[in-house]
Amino acid sequence: MRLLLSLLLAALLPLAVAADEPAPAKPTPAASKPYRVVAYYISWAAYARRYFPSDIDARKVTHINFAFADIKDGEVVVGDPGVDTRGPNNLKALSELKAKHPHLRTMISVGGWSWSTHFSDAALTPASRKKFADSAVTFIRRFNMDGVDIDWEFPVEGGPDTMKHRPEDKQNYTLLAKALRDALDAAGKADGKYYELSTAVWGNDKFIRNTEMDKVGKIFDFINLMTYDYNGTWNSFSGHLAPFKHDPAYDKPGISPTFNVVDTVDAYLKAGVPADRLVVGIPLYGYSWKGCAPQRNGEYQECKGKGRGSWEDGNLDFTEIEKSLIDKKGFKRHWNEVAKVAYLYNEKTGEFISYEDPQALALKLALIKAKGLGGAMYWEITADRKQTLVKQISDALIPAAK
(Lines give C-alpha, C1' and ligand atoms only; values in the text may rest on other atoms or scores of the structure.)
Protein backbone atom coordinates (compact mmCIF):
# COMPACT_ATOMS: atom_id res chain seq x y z
CA MET A 1 0.00 0.00 0.00
CA ARG A 2 2.80 2.39 0.95
CA LEU A 3 4.54 1.55 -2.31
CA LEU A 4 1.35 2.27 -4.22
CA LEU A 5 0.90 5.64 -2.44
CA SER A 6 4.53 6.52 -3.07
CA LEU A 7 4.18 5.77 -6.77
CA LEU A 8 0.95 7.77 -6.94
CA LEU A 9 2.55 10.79 -5.23
CA ALA A 10 5.57 10.56 -7.48
CA ALA A 11 3.31 10.64 -10.49
CA LEU A 12 1.22 13.55 -9.24
CA LEU A 13 4.04 15.74 -7.88
CA PRO A 14 5.34 16.95 -11.30
CA LEU A 15 1.77 17.86 -12.25
CA ALA A 16 1.34 19.89 -9.07
CA VAL A 17 4.61 21.74 -9.66
CA ALA A 18 3.73 22.36 -13.27
CA ALA A 19 0.39 23.81 -12.24
CA ASP A 20 2.24 26.60 -10.42
CA GLU A 21 4.32 27.47 -13.50
CA PRO A 22 3.10 29.12 -16.70
CA ALA A 23 2.76 26.75 -19.61
CA PRO A 24 5.51 27.29 -22.18
CA ALA A 25 4.37 29.26 -25.19
CA LYS A 26 3.83 27.19 -28.28
CA PRO A 27 6.15 28.09 -31.17
CA THR A 28 4.42 30.25 -33.74
CA PRO A 29 4.57 28.75 -37.25
CA ALA A 30 6.78 30.93 -39.44
CA ALA A 31 4.00 31.42 -41.98
CA SER A 32 1.68 32.93 -39.36
CA LYS A 33 4.16 35.44 -37.99
CA PRO A 34 3.71 39.05 -39.08
CA TYR A 35 6.11 40.14 -41.79
CA ARG A 36 8.66 42.87 -41.25
CA VAL A 37 8.78 45.79 -43.64
CA VAL A 38 12.07 47.55 -42.97
CA ALA A 39 12.75 50.96 -44.50
CA TYR A 40 16.21 52.48 -44.44
CA TYR A 41 16.13 56.24 -43.97
CA ILE A 42 19.33 58.07 -44.90
CA SER A 43 20.51 60.91 -42.68
CA TRP A 44 21.77 62.97 -45.63
CA ALA A 45 18.27 63.12 -47.11
CA ALA A 46 17.88 66.22 -44.96
CA TYR A 47 20.21 68.09 -47.32
CA ALA A 48 19.46 68.40 -51.06
CA ARG A 49 16.77 65.74 -51.06
CA ARG A 50 14.73 67.70 -48.47
CA TYR A 51 13.17 64.49 -47.17
CA PHE A 52 12.72 64.20 -43.41
CA PRO A 53 11.49 61.51 -40.99
CA SER A 54 8.18 63.36 -40.78
CA ASP A 55 7.67 62.64 -44.51
CA ILE A 56 7.60 58.88 -43.93
CA ASP A 57 4.21 57.19 -44.03
CA ALA A 58 4.73 55.04 -40.93
CA ARG A 59 1.62 52.99 -41.68
CA LYS A 60 3.48 51.33 -44.53
CA VAL A 61 6.46 50.08 -42.49
CA THR A 62 7.12 48.12 -39.33
CA HIS A 63 10.74 49.22 -38.84
CA ILE A 64 12.84 52.24 -39.79
CA ASN A 65 16.59 51.70 -39.83
CA PHE A 66 18.26 55.09 -39.46
CA ALA A 67 21.45 55.20 -41.56
CA PHE A 68 23.99 55.75 -40.20
CA ALA A 69 25.76 56.06 -36.89
CA ASP A 70 29.55 56.14 -36.96
CA ILE A 71 32.16 54.42 -34.79
CA LYS A 72 34.66 56.61 -32.96
CA ASP A 73 37.17 55.36 -30.38
CA GLY A 74 35.30 52.07 -30.37
CA GLU A 75 31.92 53.59 -29.55
CA VAL A 76 28.72 54.25 -31.47
CA VAL A 77 28.36 57.98 -32.12
CA VAL A 78 26.01 60.28 -34.03
CA GLY A 79 26.95 60.19 -37.70
CA ASP A 80 26.21 63.79 -38.75
CA PRO A 81 25.39 66.11 -35.85
CA GLY A 82 24.65 68.92 -38.32
CA VAL A 83 21.36 67.29 -39.32
CA ASP A 84 20.93 64.42 -36.88
CA THR A 85 20.95 66.38 -33.60
CA ARG A 86 20.91 69.98 -34.83
CA GLY A 87 19.08 71.81 -37.60
CA PRO A 88 16.40 69.39 -38.89
CA ASN A 89 17.29 67.17 -35.91
CA ASN A 90 16.57 63.90 -37.66
CA LEU A 91 16.79 61.76 -34.54
CA LYS A 92 14.34 63.90 -32.61
CA ALA A 93 11.97 63.93 -35.60
CA LEU A 94 12.19 60.14 -35.81
CA SER A 95 11.31 59.85 -32.13
CA GLU A 96 8.31 62.12 -32.69
CA LEU A 97 7.18 59.95 -35.61
CA LYS A 98 7.43 56.88 -33.41
CA ALA A 99 5.34 58.58 -30.70
CA LYS A 100 2.51 59.05 -33.23
CA HIS A 101 2.73 55.44 -34.43
CA PRO A 102 3.17 53.07 -31.46
CA HIS A 103 3.62 50.03 -33.72
CA LEU A 104 6.74 51.52 -35.30
CA ARG A 105 10.14 50.12 -34.34
CA THR A 106 13.16 52.37 -34.90
CA MET A 107 16.72 51.05 -35.16
CA ILE A 108 20.07 52.77 -35.38
CA SER A 109 22.07 51.32 -38.25
CA VAL A 110 25.79 51.46 -37.50
CA GLY A 111 28.49 51.57 -40.16
CA GLY A 112 27.52 51.27 -43.79
CA TRP A 113 29.89 51.45 -46.72
CA SER A 114 31.76 54.54 -45.53
CA TRP A 115 31.83 54.01 -41.76
CA SER A 116 32.60 50.32 -41.34
CA THR A 117 36.34 50.97 -41.05
CA HIS A 118 36.53 50.49 -37.28
CA PHE A 119 34.31 47.43 -36.86
CA SER A 120 37.30 45.08 -36.88
CA ASP A 121 38.88 46.98 -33.97
CA ALA A 122 35.61 47.22 -32.07
CA ALA A 123 35.06 43.46 -32.38
CA LEU A 124 38.63 42.46 -31.53
CA THR A 125 38.63 41.78 -27.75
CA PRO A 126 36.11 41.14 -24.97
CA ALA A 127 36.79 44.64 -23.62
CA SER A 128 36.35 46.34 -27.01
CA ARG A 129 33.16 44.41 -27.71
CA LYS A 130 31.69 45.37 -24.32
CA LYS A 131 32.63 49.01 -24.88
CA PHE A 132 30.93 49.01 -28.27
CA ALA A 133 27.82 47.21 -27.01
CA ASP A 134 27.44 49.49 -23.98
CA SER A 135 27.74 52.56 -26.21
CA ALA A 136 25.05 51.17 -28.52
CA VAL A 137 22.70 50.80 -25.55
CA THR A 138 23.47 54.35 -24.45
CA PHE A 139 22.71 55.59 -27.98
CA ILE A 140 19.31 53.93 -28.33
CA ARG A 141 18.26 55.00 -24.84
CA ARG A 142 19.26 58.58 -25.58
CA PHE A 143 17.25 58.72 -28.79
CA ASN A 144 14.29 56.56 -27.76
CA MET A 145 15.03 53.79 -30.25
CA ASP A 146 14.11 50.12 -30.27
CA GLY A 147 17.29 48.42 -31.34
CA VAL A 148 20.55 48.25 -33.23
CA ASP A 149 21.32 47.27 -36.83
CA ILE A 150 24.91 46.27 -37.64
CA ASP A 151 25.97 47.13 -41.18
CA TRP A 152 29.56 45.86 -41.28
CA GLU A 153 30.76 46.10 -44.89
CA PHE A 154 32.56 43.69 -44.65
CA PRO A 155 34.23 41.22 -42.26
CA VAL A 156 37.52 39.65 -43.42
CA GLU A 157 37.51 41.16 -46.94
CA GLY A 158 35.70 43.63 -49.19
CA GLY A 159 34.37 47.12 -48.70
CA PRO A 160 36.08 50.45 -49.42
CA ASP A 161 39.85 50.88 -49.53
CA THR A 162 39.87 52.33 -46.00
CA MET A 163 38.48 49.12 -44.45
CA LYS A 164 40.43 47.33 -41.75
CA HIS A 165 40.33 43.55 -42.03
CA ARG A 166 41.52 40.60 -39.98
CA PRO A 167 41.09 36.87 -40.60
CA GLU A 168 39.59 36.62 -37.10
CA ASP A 169 36.78 39.00 -38.13
CA LYS A 170 34.88 35.80 -38.97
CA GLN A 171 34.68 34.71 -35.35
CA ASN A 172 34.64 38.24 -33.95
CA TYR A 173 31.52 39.11 -35.95
CA THR A 174 29.74 36.40 -33.98
CA LEU A 175 31.25 37.53 -30.68
CA LEU A 176 30.27 41.14 -31.33
CA ALA A 177 26.70 40.07 -32.06
CA LYS A 178 26.66 38.06 -28.82
CA ALA A 179 27.99 41.03 -26.82
CA LEU A 180 25.32 43.27 -28.31
CA ARG A 181 22.58 40.72 -27.62
CA ASP A 182 23.67 40.41 -23.98
CA ALA A 183 23.83 44.18 -23.51
CA LEU A 184 20.45 44.74 -25.17
CA ASP A 185 18.83 42.01 -23.10
CA ALA A 186 20.18 43.47 -19.87
CA ALA A 187 18.99 46.95 -20.87
CA GLY A 188 15.62 45.58 -21.93
CA LYS A 189 15.14 43.86 -18.58
CA ALA A 190 15.93 47.11 -16.78
CA ASP A 191 13.73 49.20 -19.11
CA GLY A 192 10.81 46.79 -19.32
CA LYS A 193 10.97 46.37 -23.10
CA TYR A 194 12.58 44.21 -25.78
CA TYR A 195 15.40 45.71 -27.83
CA GLU A 196 15.92 44.21 -31.27
CA LEU A 197 19.18 43.38 -33.00
CA SER A 198 19.55 43.09 -36.77
CA THR A 199 22.30 43.09 -39.35
CA ALA A 200 22.70 43.83 -43.05
CA VAL A 201 24.52 41.15 -45.04
CA TRP A 202 26.03 41.03 -48.51
CA GLY A 203 24.41 39.01 -51.28
CA ASN A 204 27.89 37.87 -52.32
CA ASP A 205 28.97 34.31 -51.46
CA LYS A 206 32.04 35.73 -49.71
CA PHE A 207 29.99 37.06 -46.83
CA ILE A 208 28.78 33.59 -45.91
CA ARG A 209 32.32 32.18 -46.12
CA ASN A 210 33.65 35.00 -43.94
CA THR A 211 31.05 34.72 -41.17
CA GLU A 212 29.39 32.06 -39.03
CA MET A 213 25.83 32.47 -40.21
CA ASP A 214 24.62 29.32 -38.48
CA LYS A 215 25.57 30.94 -35.16
CA VAL A 216 24.65 34.59 -35.75
CA GLY A 217 21.40 33.51 -37.39
CA LYS A 218 20.24 32.56 -33.92
CA ILE A 219 21.46 35.80 -32.31
CA PHE A 220 20.05 38.46 -34.64
CA ASP A 221 16.29 38.99 -34.59
CA PHE A 222 16.37 39.49 -38.32
CA ILE A 223 18.92 39.65 -41.11
CA ASN A 224 18.58 42.17 -43.94
CA LEU A 225 19.77 40.62 -47.19
CA MET A 226 21.31 43.16 -49.53
CA THR A 227 19.85 41.33 -52.52
CA TYR A 228 20.89 44.10 -54.89
CA ASP A 229 24.11 45.59 -56.25
CA TYR A 230 24.90 42.31 -57.96
CA ASN A 231 26.04 44.57 -60.77
CA GLY A 232 26.58 48.30 -60.96
CA THR A 233 28.44 51.12 -62.62
CA TRP A 234 31.73 50.04 -61.04
CA ASN A 235 31.70 47.54 -63.91
CA SER A 236 32.35 48.64 -67.50
CA PHE A 237 29.48 46.51 -68.78
CA SER A 238 25.74 46.81 -68.35
CA GLY A 239 23.82 44.33 -66.24
CA HIS A 240 21.07 43.99 -63.67
CA LEU A 241 21.41 45.25 -60.13
CA ALA A 242 18.84 42.83 -58.64
CA PRO A 243 18.09 39.85 -60.91
CA PHE A 244 15.61 37.36 -59.51
CA LYS A 245 17.28 34.35 -61.15
CA HIS A 246 20.52 33.59 -62.96
CA ASP A 247 20.66 34.26 -66.69
CA PRO A 248 23.31 32.08 -68.39
CA ALA A 249 23.70 34.80 -71.04
CA TYR A 250 25.23 37.03 -68.36
CA ASP A 251 28.75 35.67 -68.65
CA LYS A 252 31.09 38.41 -67.51
CA PRO A 253 34.35 38.49 -65.50
CA GLY A 254 33.76 38.63 -61.75
CA ILE A 255 30.05 37.82 -62.03
CA SER A 256 29.05 34.64 -60.23
CA PRO A 257 26.01 32.61 -61.34
CA THR A 258 24.81 32.94 -57.73
CA PHE A 259 24.47 36.73 -58.03
CA ASN A 260 20.68 36.72 -57.88
CA VAL A 261 17.92 36.84 -55.29
CA VAL A 262 16.82 33.20 -55.36
CA ASP A 263 20.33 31.78 -55.01
CA THR A 264 21.23 34.25 -52.26
CA VAL A 265 18.16 33.35 -50.20
CA ASP A 266 18.85 29.64 -50.66
CA ALA A 267 22.51 30.10 -49.70
CA TYR A 268 21.63 31.78 -46.40
CA LEU A 269 19.03 29.12 -45.64
CA LYS A 270 21.61 26.43 -46.36
CA ALA A 271 24.09 28.26 -44.11
CA GLY A 272 21.71 27.78 -41.20
CA VAL A 273 19.73 31.02 -40.93
CA PRO A 274 16.09 30.43 -39.93
CA ALA A 275 13.77 31.36 -42.80
CA ASP A 276 11.64 33.73 -40.75
CA ARG A 277 14.70 35.83 -39.88
CA LEU A 278 15.67 36.49 -43.49
CA VAL A 279 14.43 39.83 -44.84
CA VAL A 280 14.76 40.30 -48.62
CA GLY A 281 16.27 43.60 -49.77
CA ILE A 282 14.61 45.68 -52.50
CA PRO A 283 16.39 48.53 -54.35
CA LEU A 284 14.36 51.71 -54.81
CA TYR A 285 16.90 52.98 -57.32
CA GLY A 286 18.54 52.09 -60.60
CA TYR A 287 21.97 52.17 -62.25
CA SER A 288 22.63 53.73 -65.64
CA TRP A 289 25.40 53.36 -68.22
CA LYS A 290 26.01 55.36 -71.37
CA GLY A 291 27.29 54.35 -74.80
CA CYS A 292 26.26 50.70 -74.48
CA ALA A 293 26.39 48.59 -77.66
CA PRO A 294 22.95 47.93 -79.22
CA GLN A 295 23.02 44.12 -79.12
CA ARG A 296 20.32 42.66 -76.78
CA ASN A 297 18.96 46.20 -76.39
CA GLY A 298 22.10 47.22 -74.52
CA GLU A 299 21.94 44.34 -72.05
CA TYR A 300 25.27 42.74 -70.97
CA GLN A 301 27.24 45.05 -73.29
CA GLU A 302 30.43 47.04 -72.91
CA CYS A 303 29.60 50.68 -72.21
CA LYS A 304 31.39 54.03 -71.99
CA GLY A 305 30.93 54.82 -68.33
CA LYS A 306 28.23 56.04 -65.98
CA GLY A 307 25.02 57.44 -67.36
CA ARG A 308 22.63 60.01 -65.93
CA GLY A 309 21.82 60.19 -62.24
CA SER A 310 19.46 61.85 -59.77
CA TRP A 311 22.09 62.92 -57.24
CA GLU A 312 25.26 61.46 -58.70
CA ASP A 313 26.19 60.09 -62.12
CA GLY A 314 24.99 56.58 -62.76
CA ASN A 315 22.53 56.36 -59.86
CA LEU A 316 18.83 57.10 -60.37
CA ASP A 317 15.99 57.28 -57.86
CA PHE A 318 12.99 55.17 -58.79
CA THR A 319 10.98 58.40 -58.55
CA GLU A 320 12.81 59.86 -61.55
CA ILE A 321 12.77 56.60 -63.50
CA GLU A 322 9.03 56.24 -63.03
CA LYS A 323 8.20 59.87 -63.77
CA SER A 324 10.51 60.71 -66.64
CA LEU A 325 12.16 57.69 -68.25
CA ILE A 326 9.93 54.61 -68.61
CA ASP A 327 8.88 54.66 -72.28
CA LYS A 328 9.82 58.35 -72.45
CA LYS A 329 12.68 60.47 -73.81
CA GLY A 330 13.73 57.74 -76.21
CA PHE A 331 13.85 55.01 -73.55
CA LYS A 332 11.95 51.77 -74.03
CA ARG A 333 11.13 49.30 -71.28
CA HIS A 334 12.24 45.70 -71.81
CA TRP A 335 11.73 42.53 -69.78
CA ASN A 336 14.24 39.71 -69.35
CA GLU A 337 12.14 36.56 -68.94
CA VAL A 338 15.08 34.50 -67.64
CA ALA A 339 16.44 36.87 -65.00
CA LYS A 340 12.91 38.22 -64.34
CA VAL A 341 13.91 41.88 -64.43
CA ALA A 342 12.93 45.05 -66.27
CA TYR A 343 15.37 47.45 -67.90
CA LEU A 344 15.39 50.52 -70.14
CA TYR A 345 17.39 51.17 -73.29
CA ASN A 346 17.72 54.22 -75.47
CA GLU A 347 18.75 53.22 -78.99
CA LYS A 348 19.87 56.71 -79.96
CA THR A 349 22.12 57.41 -76.98
CA GLY A 350 23.04 53.87 -75.99
CA GLU A 351 21.90 54.50 -72.41
CA PHE A 352 21.01 51.40 -70.39
CA ILE A 353 19.17 51.52 -67.06
CA SER A 354 18.70 48.63 -64.65
CA TYR A 355 16.02 49.17 -62.01
CA GLU A 356 13.34 47.55 -59.86
CA ASP A 357 9.78 47.64 -61.13
CA PRO A 358 6.38 46.34 -59.95
CA GLN A 359 6.49 43.20 -62.13
CA ALA A 360 9.87 42.16 -60.75
CA LEU A 361 8.92 43.14 -57.20
CA ALA A 362 5.80 40.96 -57.30
CA LEU A 363 7.98 37.88 -57.83
CA LYS A 364 10.14 38.75 -54.82
CA LEU A 365 7.10 39.29 -52.62
CA ALA A 366 5.74 35.92 -53.73
CA LEU A 367 9.09 34.31 -52.86
CA ILE A 368 8.96 35.78 -49.35
CA LYS A 369 5.57 34.18 -48.79
CA ALA A 370 6.38 30.87 -50.47
CA LYS A 371 9.51 30.31 -48.37
CA GLY A 372 8.12 31.70 -45.10
CA LEU A 373 10.75 34.46 -44.98
CA GLY A 374 10.75 37.33 -42.52
CA GLY A 375 9.67 40.13 -44.82
CA ALA A 376 11.14 42.84 -47.03
CA MET A 377 13.65 45.63 -46.56
CA TYR A 378 14.35 48.48 -48.93
CA TRP A 379 17.15 50.91 -49.60
CA GLU A 380 16.09 53.62 -49.31
CA ILE A 381 12.73 55.22 -48.66
CA THR A 382 13.45 58.72 -50.02
CA ALA A 383 13.91 57.35 -53.56
CA ASP A 384 10.24 56.44 -54.06
CA ARG A 385 8.36 59.71 -53.52
CA LYS A 386 5.07 58.48 -55.00
CA GLN A 387 5.37 55.31 -52.88
CA THR A 388 4.67 53.09 -55.85
CA LEU A 389 6.96 50.27 -54.74
CA VAL A 390 6.62 51.15 -51.06
CA LYS A 391 2.85 50.71 -51.26
CA GLN A 392 3.15 47.49 -53.23
CA ILE A 393 5.32 46.04 -50.47
CA SER A 394 3.08 47.20 -47.63
CA ASP A 395 -0.09 46.03 -49.39
CA ALA A 396 1.43 42.56 -49.74
CA LEU A 397 2.99 42.24 -46.29
CA ILE A 398 1.02 44.58 -44.01
CA PRO A 399 -2.64 43.97 -44.86
CA ALA A 400 -3.81 46.67 -42.43
CA ALA A 401 -1.87 49.25 -44.47
CA LYS A 402 -4.14 48.91 -47.50
For this session: Give me a count of the residues in segment 127-165 that are touching a helix residue (DSSP H, G or I) at 6+ places or on another chain (Cβ under 7 Å), within 16 Å of Gly74 (Cα to Cα) and among the charged types (D, E, K, R).
Result: 4
For this session: Give the residue, chosen from Lys332, Lys371, Lys348, Lys328, that is free of Cβ contacts under 8 Å to residues at least 12 places away in the same chain and farther than 18 Å from Asn231 by Cα.
Result: Lys328
Seminar exercise, completed: Within segment 259-272, residues among the small types (Gly, Ala, Ser) and surrounded by 16 or more Cβ atoms within 10 Å (Cβ to Cβ) come out as Ala267, Ala271
Exercise. If you scan segment 366-391, which residues turn out to be part of a helix (DSSP H, G or I), surrounded by fewer than 21 Cβ atoms within 10 Å (Cβ to Cβ) and out of contact with any Lys or Arg (no Cβ under 9 Å at 6 or more places or on another chain)?
Worked result: Ala366, Leu367, Lys369, Ala370, Thr388
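Residue-wise test of (1) assigned to a helix (DSSP H, G or I); (2) of a type in the set (Phe, Trp, Tyr); (3) crowded, with 22+ Cβ neighbours inside 10 Å.
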site: Ala293; (1), (2), (3): no, no, no
site: Arg296; (1), (2), (3): yes, no, no
site: Lys304; (1), (2), (3): no, no, no
site: Tyr345; (1), (2), (3): no, yes, yes
site: Gln359; (1), (2), (3): yes, no, no
site: Ile393; (1), (2), (3): yes, no, yes
site: Ala400; (1), (2), (3): yes, no, no
Problem set entry | Failed item in (1) part of a loop (DSSP other than H, G, I, E, B); (2) within 30 Å of Leu389 (Cβ to Cβ), with Leu124 passing the rest | (2)
Seminar exercise, completed: Checked Leu180, Leu176, Leu184 against criteria (farther than 28 Å from Pro283 by Cβ, in contact (Cβ under 8 Å) with a residue 12 or more places away in the chain, touching a helix residue (DSSP H, G or I) at 6+ places or on another chain (Cβ under 8 Å) and in a helix (DSSP H, G or I)); the one match is Leu184
Seminar exercise, completed: Of the conditions (1) free of Cβ contacts under 8 Å to residues at least 60 places away in the same chain; (2) within 22 Å of Ala122 (Cβ to Cβ), the single one that Lys189 does not satisfy is (2)
Exercise. Are any of the residues in segment 284-292 within 17 Å of the chain's Cα centre (by Cα) and among the hydrophobic types (A, V, I, L, M, F, W, C)?
Worked result: yes
Seminar exercise, completed: Just one listed residue, out of Ser256, Ser238, is among the hydroxyl-bearing types (Ser, Thr, Tyr) and surrounded by fewer than 16 Cβ atoms within 10 Å (Cβ to Cβ), and it is Ser256
Exercise. Can you tell me which of Gly239, Gly232, Gly254 is farther than 29 Å from Gly372 by Cβ, assigned to a loop (DSSP other than H, G, I, E, B) and touching a strand residue (DSSP E or B) at 6+ places or on another chain (Cβ under 6 Å)?
Worked result: Gly232
Problem set entry | Positions within segment 127-145 being crowded, with 19+ Cβ neighbours inside 10 Å and assigned to a loop (DSSP other than H, G, I, E, B), in sequence order | Phe143, Met145
Exercise. Out of (1) within 25 Å of the chain's Cα centre (by Cα); (2) touching a residue at least 60 places away in the same chain (Cβ under 8 Å), the odd one out for Ile321 is which?
Worked result: (2)
For this session: Note down all Cβ pairs under 6 Å where the first residue falls in segment 150-172 and is part of a loop (DSSP other than H, G, I, E, B), the second is charged (D, E, K, R), and they're at least six residues apart or on different chains.
Result: Pro155/Asp169; Val156/Asp169; Val156/Lys170; Gly159/Glu153; His165/Glu157
For this session: Just need a number here: residues in segment 65-78 that are among the aliphatic types (A, V, I, L, M), under 11 Å from Asn90 (Cβ atoms) and not in a loop (DSSP other than H, G, I, E, B).
Result: 1
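Yes or no, residue by residue, for (1) within 30 Å of Phe352 (Cβ to Cβ); (2) in contact with a Lys or Arg (Cβ under 9 Å, 6 or more places away or on another chain):
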site: Asp169; (1), (2): no, no
site: Ala186; (1), (2): no, no
site: Asp191; (1), (2): no, yes
site: Thr199; (1), (2): no, no
site: Asp205; (1), (2): yes, no
site: Lys218; (1), (2): no, yes
site: Pro243; (1), (2): yes, yes
site: Ala249; (1), (2): yes, yes
site: Ser256; (1), (2): yes, no
Problem set entry | Yes/no for Phe220 being buried (at least 20 other Cβ atoms within 10 Å of the Cβ), of a type outside the set (Ser, Thr, Tyr) and part of a loop (DSSP other than H, G, I, E, B) | yes
Exercise. Among the numbered criteria (1) modelled with pLDDT of 95 or more; (2) within 27 Å of Phe66 (Cβ to Cβ), which single criterion is violated by Gly203?
Worked result: (1)
For this session: Of the conditions (1) at pLDDT 95 or above; (2) surrounded by fewer than 19 Cβ atoms within 10 Å (Cβ to Cβ); (3) part of a loop (DSSP other than H, G, I, E, B); (4) among the small types (Gly, Ala, Ser), Ala23 clears all except one; give me its number.
Result: (1)
Seminar exercise, completed: For segment 195-211, pairs from a residue that is at positive phi to a residue that is of a type in the set (A, V, I, L, M) and surrounded by fewer than 24 Cβ atoms within 10 Å (Cβ to Cβ), with Cβ under 8 Å and 6 or more apart or across chains, are none
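The values are calculated or read from the model by the stated rules, or taken from the named source; none is laboratory data. Keep in mind the model is a prediction, meaning the values are calculated, not measured. Counting neighbours? That spans all protein chains shown, and the Cβs are built from the backbone with ideal geometry, glycine included.
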